[in-house]
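Participant: One structure coming up, written as C-alpha cells, with questions to follow.
Just so it is clear, none of the values below were taken in a lab; they were calculated from the coordinates. Bear in mind the structure is a predicted one, so any value in this text is a computation, not a measurement. A quick note on method: Cβ atoms are made from the backbone with ideal geometry, for glycine too, and the neighbour counts reach across all protein chains shown.
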Amino acid sequence: MASENHFSAIKGAKVLMVGAGGIGCELLKTLALSGFQDIHIIDMDTIEVSNLNRQFLFRQSHVGQSKAKVARDAVLKFRPHISITPYHANVKGPDFDVDFFKQFNVVLNGLDNLDARRHVNRLCLAAEVPLVESGTTGFLGQVTVHIKGKTECYECQPKPAPKTYPVCTITSTPSKFVHCIVWAKDLLFAKLFGDKNQENDLNVRSGDAASSSDHVEDVFERKNDEDIEQYGRRIYDHVFGYNIGIALSNEETWKNRNRPKPIYYRDIFDNEPTQQNGNVDRNCATNDPSSVSAMASVGMKNPQDVWSLKENSRIFLEALKLFFMKREKEIGNLTFDKDDQLAVEFVTAAANIRASSFGIALHNLFEAKGIAGNIVHAVATTNAIIAGLIVIEAIKTPLSLEINTNRAKLRDIIEKVVKSKLGMSSPSIMHGTEILYETGDDLDEDLLASYAAKADKVLSELNCPVVGGTMLTVNDLYQELRCNINIKHREEFDEEKEPDGIVLSGWTQAPSSVENNGTKSVDNAGSTSEGSTMEAEKNDEIEIVPGKKRKLSEVSEDVIPSNAEETKGKEKLEVLNGDDDDDLVMLDDGDSGADKKIRYQ
Amino acid sequence: MDGDELTEQETALYDRQIRVWGADAQRRLSKAHILVYGIKGTVAEFCKNIVLAGVGSLTLVDDREVTEEALSANFLIPSDENVYAGKTLAELCCDSLKDFNPMVRVSVEKGDLSSFDVEFFSKFDVVVVCCCSLTTKKLINEKCRKLPKRLAFYTVDCKDSCGEIFVDLQLHRYSKKKLEETVECELKYSSFEEAISVPWRTLPRKASKVYFAMRDLLAFHEELTEIILMLVSVLERFEEVEGRRPGEVSIEDLPGVLKLKKELCEAQSLNESHIPNGLLERLVTNAREFPPVCAIIGGILGQEVIKAISGKGDPLKNFFCFDATDGKGIIEDISSCNTGS
C-alpha cells in the first residue's frame with residue numbers, strides 16, 4: 001500500500017481540503033507525510049485557546065491568526081518542498097465556484113457544520129469531483145465517500161435536525177436543566193442585552209394576567225435615575241418571583257406537575273440590609289470588556305464547582321451590574337457567545353436560579369457553558385484516526401478522464417488510456433453491468449466483430465452511452481487488476497498541450513514496480529503494475545473497489561450482529577470498546593457507498 | 001483534594017476533552033509519567049496525542065541518528081539538515097513535542113533500554129516500546145512486571161499497511177458506565193511471553209467464542225487477525241534467529257523468511273496456507289510505515305493509554321491489528337489459560 005510506486009502516483013494529485021480545524025490539522029499532516037504535493041486548504045476561522053488541545057499545528061502565540069495559513073507554515077517545517085495553498089475565506093464565497101472545484105482530483109471535508117457540508121457536497125456533484133466527508137464527536141467519528149452517480153451523495157440521507165423545544169416548555173414548564181439554559185440564553189439574556197425590537201416570549205404567560213402589556217415593557221427598561229443595584233433586584237424579583245407567581249395562578253398547568261416555587265430577592269438575602277456586592281475593582285486590572293467577570297469580582301474561581309442558590313443569585317446580580325457598568329455600549333446589540341465569559345456567567349446563574357424554582361438539579365459553569373454553547377466534545381486521538389481513514393479513502397478514489405464524449409470514440413479510451421496509460425494488455429471495459437469491450441482467446445468471432453464495431457462508435461452514441469458522469473470499470477484478468485474511471489465531458493482541448501484530446505488525472509503513470517522474483521504480489525493496491533487505484537482481486541481477501549458495493553468490514557470485540565445484514569454498500573470500521581460516558585450523537589448518519597465509522601473509547 | 005484542582009489555564013486549554021473524559025481523568029493524566037522507546041512514525045503520532053492530552057511527563061529513549069527512513073513518517077523532525085545534524089531522534093522529537101504543550105515535561109534519556117535496571121522503570125506508569133527485537137520486548141515486559149507498582153506495558157509496530165498493538169496491564173481495575181450506573185471491573189492480562197506462547201492452532205477456537213453470533217464473518221475475521229499476528233511473529237522470529245536489527249529485512253531475505261514460516265507452521269501444526277506468502281512478501285519488501293496507518297494506530301494507542309491512566313472504560317485486551325488494504329481493525333484476546341478472560 002505504501003509502496004514506492006504508490007508514492008510517486010500520489011504526487012500528481014491535486015487535493016482540496018475544506019477546514020483546518022481538529023480533523024484538518026491531522027489531515028494536512030497525514031496528507032503531507034503520505035506524499036501529496038499539491039494541497040489547497042480553505043478555512044475562514046482564526047485560532048482560539050480551546051483549539052490548542054487537539055489542533056497541534058497551532059500554538060498559544062498563534063491565537064487570533066488564520067487557521068489555514070498557520071497550518072500551512074507548520075507543515076512546511078517538516079515537508080518544505082510541497083505546495084500548500086491556504087485560503088483564509090468562507091468556502092461558500094463566490095471565488096470557490098464549480099470551476100474552482102473542477103481543478104481537484106478529490107475534495108476532503110473536515111468541517112464543523114451542516115450548512116457548509118451541504119454546500120461543498122453540491123459543488124462536488126456539479127464539478128464531478130469525488131468528496132470524502134468526515135466528522136467526529138468525542139470518541140465517535142466517521143468517514144464517507146461520495147462519488148457522483150456511484151454512491152449516495154451527502155444529502156441523500158436525512159440529517160438529524162437541531163433539537164428544538166416547545167415554547168411553553170421553555171417559558172412555563174421546564175423539566176430539564178437544558179430548558180432553563182434555553183430560557184436564560186434565548187429569552188432573558190436576549191431581552192435584557194439584545195435587540196429590543198426582537199420578538200421575545202419571556203413574558204408570554206403574564207399577558208393574560210392583571211398586569212397590562214405596557215407594564216411588561218417597562219419592567220425590563222432601566223429607568224433614567226434608577227440605581228443599578230435597585231434595577232438588578234427589580235429584574236430578579238420580576239423574572240424569578242413575580243413571573244413564577246403568575247404562572248402558578250394557572251392551576252390547569254400544575255395538575256400533573258410539581259408546582260414551582262417563586263424566588264424573591266428578600267428570601268435569599270434575608271438579613272442582609274444591602275447585598276454584599278462583589279468588588280468591582282477586582283475587574284479594574286484590565287479595561288478589556290471581554291475579560292470582565294462576575295465570578296472574579298465575587299471571588300469565585302473554579303468553574304467545576306456547583307454554586308448554591310445564594311451564590312448564583314449573587315453572580316446573577318453582579319453580572320447584570322457589570323454589563324451596565326463596563327459594557328454599556330454593547331447593550332442592545334449583544335447575542336450570546338460561548339466565549340463571552342460574562343455572558344456565560346449570567347446565563348449559568350439565571351438558569352440555576354430558575355432550576356431551583358422548578359426543583360431541577362443545579363449545574364456548574366463548565367457544564368452550563370457546554371449546553372449553552374452547543375460545544376462539541378473533541379479529542380485529538382479520534383481526529384487523528386479519522387484523518388488516517390480519510391487519506392486511505394482519498395488514495396482509493398478513482399481516476400478521472402476528461403474527454404469530448406461527443407467526438408471521441410470508444411477506441412480512443414481503449415488505445416490511448418487503457419492500453420497505453422494504464423498498461424493493460426487484455427482489458428475489458430464495463431459500464432455498469434454492460435460489457436463495452438473485452439479481449440480473450442476464447443471469444444467467438446461474432447462477438448469480436450461486435451466489439452470492433454462498438455469500438456468505432458462515438459462515446460455518447462453507444463447503446464449504453466458514455467457521457468459526463470459515467471463511471472467505467474476497467475479490468476485486466478491477466479494482471480488481476482481493476483480500476484474505475486470517472487468520465488468528464490470536455491468540449492475543447494489545447495492542441496499543443498493535449499494533442500490526444502484526453503486528460504487523465506488521478507494516480508496515473510506510476511513507474512512500474514520491482515518484479516518480485518516472478519511471484520505475483522497479492523498487495524491489492526497497485527504493486528503489481530502501473531496505475532495504482534487498481535486493486536487486484538484475490539480469493540482470500542474481500543474485494544474493495546471504490547464506489548462499488550462493498551462488503552462489511554466491521555470488527556470489534558463486541559461485533560454487532562445486526563449490522564451483518566446491512567453490509568452491502570457500506571464499509572464500517574467499528575472499534576467498539578467501552579462505555580458511553582457521554583450522550584454522543586453521530587454527527588452524520590451517513591449510509592453511503594463507502595462508509596467508515598469509528599466508535600471508540 | 002486540595003491542590004489537585006485543575007488550574008484556570010488547564011481548564012481553558014483542555015476544555016473540549018474534559019467534556020469527553022471528565023475533570024478527574026484529566027487530573028490523573030497530569031500526574032502520569034510515560035516512557036517511550038524507539039521513535040518511528042507511529043510513536044511520533046502517539047507522543048503527539050498524549051502530550052496534547054496533558055500527561056505529567058514524557059521520557060523519550062532513542063539514540064539513533066536521523067536517516068531518510070526516520071524522516072519518512074515522522075512529522076516531529078524538521079526537514080533541515082542544519083537542525084537535525086548531530087542530534088539523536090529522541091532529542092529532535094523532544095524539541096518539537098515540548099512546543100505542543102508547555103504544561104507537559106518532555107525529556108530525553110540516553111542508553112539502550114535493555115540495559116536499564118528494574119529500578120529505572122519504577123519511575124513510570126506507562127511504558128511503550130517500538131522497533132525492538134522480540135527478546136527486548138520480553139525482557140522489558142518482565143522488568144515491568146517485577147515492580148511492586150502496576151505498570152502499563154505496550155508494544156507497537158507498523159509495517160506497510162499493517163499495524164499491531166500489544167497491551168499488558170497486569171491486573172487492571174477500572175470503572176465503566178453501564179446504562180446509568182457506574183460499575184467497577186477488573187481484568188487480568190498475560191505477559192508478552194505468555195501471550196505469544198499460546199499455540200497458534202488453539203487460536204481459532206478461542207476466538208470463535210467471541211464471535212459466536214457471526215458465523216459467516218467469523219471465519220474471515222479470525223483468519224485475518226491470525227495472519228497479521230503470525231506475520232509479525234514470523235518476522236520477529238526471523239530477526240531473532242538471524243540476529244538482525246528490528247525491521248532490517250529486505251527482499252533478499254524472503255526465501256529465508258518463507259523457510260522459517262514453513263518450519264514454524266510445522267512446529268505449530270498449522271496449515272501453511274494460513275499465512276499467505278504474498279502478505280509476508282509485502283511486509284518483507286516494504287517494511288516502511290504508511291503514514292495514514294501510523295495516524296490510526298498512534299491514535300488508538302494514545303486513547304488506550306489515556307484509558308489505562310484514567311481507569312475509565314474497557315481497555316483493549318490484548319492485541320489490536322489493523323490492515324489498511326481492507327480497512328479492518330480487530331481486537332483479539334490471546335491469553336494463556338491461567339489468565340484467560
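Participant: Please list, in order along the range A:485-492, the HN-Hα scalar couplings obtained from phi with the Karplus expression 6.51 cos²θ - 1.76 cosθ + 1.60 (θ = phi - 60°), rounded to whole Hz, x for Gly and Pro.
Facilitator: Per residue, the Karplus-derived 3J(HN,Hα) values read 10, 8, 8, 10, 7, 9, 6, 10 Hz.
Participant: If the cut-off is a Cα-Cα distance under 28 Å, which lysines reach A:K329, setting aside same-chain residues fewer than 8 apart in sequence?
Facilitator: Counting by Cα, and skipping residues close in sequence, A:K329 has these lysines nearby: A:K185, A:K191, A:K196, A:K223, A:K301, A:K321, A:K338, A:K369.
Participant: Using a/c under 1.5 as the rounded threshold, could you call the range B:105-168 rounded, prolate or oblate? The axes a ≥ b ≥ c are square roots of the C-alpha gyration tensor eigenvalues, and prolate needs a/b larger than b/c, oblate otherwise. Could you put the intermediate results ahead of the total?
Facilitator: Numbers: a/c = 1.69, a/b = 1.51, b/c = 1.12.
The shape class here is prolate.
Participant: Spelling out what I want: for every residue of the range B:299-312, take phi, set θ = phi - 60°, compute 6.51 cos²θ - 1.76 cosθ + 1.60 (Karplus), and round to whole Hz; glycine and proline get x.
Facilitator: Result, rounded to whole Hz: x, 5, 4, x, 5, 5, 5, 4, 4, 5, 5, 6, x, 10.
Participant: If you don't mind, there's one more thing I want to ask. Counting other beta carbons within 10 Å of each Cβ, put A:K326, A:K92 in order, fewest first.
Facilitator: Ascending Cβ contact count within 10 Å gives the list A:K92, A:K326.
Participant: Search the structure for amide H atoms under 5 Å from the amide H of A:A13, placed 1.01 Å from N in the peptide plane, and list their residues when 5 or more places away or on another chain.
Facilitator: Long-range HN contacts for A:A13: A:Q37.
Participant: Please compute, for peptide B:296-307, the average count of beta-carbon atoms on other protein chains lying within 10 Å of each residue's beta-carbon.
Facilitator: 6
Participant: Per-residue counts of other Cβ atoms within 10 Å, averaged by peptide: what ranking do you get for A:101-110, A:465-474, highest first?
Facilitator: Descending mean neighbour count gives A:101-110, A:465-474.
Participant: Another question, then. Filter B:K40/B:K143; A:K396/B:K262; A:K29/A:K416; A:K29/B:K137; B:K123/B:K312 down to the pairs with a C-alpha to C-alpha distance above 28 Å, please. Before the final figure, lay out the partial values.
Facilitator: On the way: B:K40/B:K143 23 Å; A:K396/B:K262 34 Å; A:K29/A:K416 36 Å; A:K29/B:K137 30 Å; B:K123/B:K312 22 Å.
Where the Cα-Cα span goes over 28 Å, the pairs concerned are A:K396/B:K262; A:K29/A:K416; A:K29/B:K137.
Participant: What is the fewest-to-most order of A:T144, A:T46, B:T135 by other Cβ atoms lying within 10 Å of their Cβ?
Facilitator: Fewest to most other Cβ atoms nearby, the residues stand as B:T135, A:T46, A:T144.
Participant: Once label points are set 7 Å from the Cα along Cα→Cβ at both A:V49 and B:K262, what is their separation, rounded to one decimal in nm?
Facilitator: Between A:V49 and B:K262, the label points sit 6.7 nm apart.
Participant: In a shell of Cβ-Cβ distance under 10 Å around B:D63, excluding B:D63 itself, what net charge do Lys and Arg (+1) and Asp and Glu (-1) give? Walk me through the intermediate numbers first.
Facilitator: Numbers: positive: B:R64, B:K110; negative: B:D62, B:E65, B:E91, B:E109, B:D112.
Summing Lys and Arg as +1 and Asp and Glu as -1 gives -3.
Participant: Let me ask you something else. Inside 10 Å of the C-beta atoms of B:96-103, what's the mean count of C-beta atoms belonging to other chains?
Facilitator: Per residue, the number of nearby Cβ atoms from other chains is 3 on average.
Participant: Still on this structure: If amide hydrogens are placed 1.01 Å from N in the peptide plane, which non-local residues have theirs closer than 5 Å to the one on B:K312?
Facilitator: B:S175
Participant: OK, next. Would the range A:399-505 count as rounded, prolate or oblate if I go by the C-alpha gyration tensor, calling it rounded below 1.5 in a/c and otherwise prolate when a/b exceeds b/c, oblate otherwise?
Facilitator: In terms of gyration-tensor shape, prolate.
Participant: Residue-wise, which Karplus ³J(HN,Hα) couplings in Hz belong to the range A:359-371, taking 6.51 cos²θ - 1.76 cosθ + 1.60, θ = phi - 60°, and x for glycine or proline?
Facilitator: x, 9, 4, 7, 10, 7, 4, 4, 5, 4, 4, x, 6
Participant: Next question, about the same structure. Using the Kirkwood formula on the Cα atoms of the range B:1-144, what hydrodynamic radius do you get, in angstrom to one decimal?
Facilitator: Hydrodynamic radius (Kirkwood, Cα only) of the range B:1-144 equals 16.2 Å.
Participant: Amide H of A:Y437 versus every other amide H placed in the peptide plane: which residues, excluding those fewer than 5 positions away on the same chain, fall under 5 Å?
Facilitator: Residues meeting the criterion, in which the H sits 1.01 Å from N, are A:I429.
Participant: Write down the percent of antiparallel bridges among all DSSP beta bridges whose residues are both part of the range A:399-505, to the nearest 5.
Facilitator: DSSP beta bridges in the range A:399-505 are roughly 80 percent antiparallel.
Participant: Peptide B:313-325: average number of partner chain Cβ atoms within 10 Å per residue?
Facilitator: Taking the mean over all residues of the peptide, I get 4.
Participant: Please arrange B:F153, A:F193, B:F320 by how many other C-beta atoms lie within 10 Å of their C-beta, fewest to most.
Facilitator: Taking fewest neighbouring Cβ atoms as first place, the list is A:F193, B:F320, B:F153.
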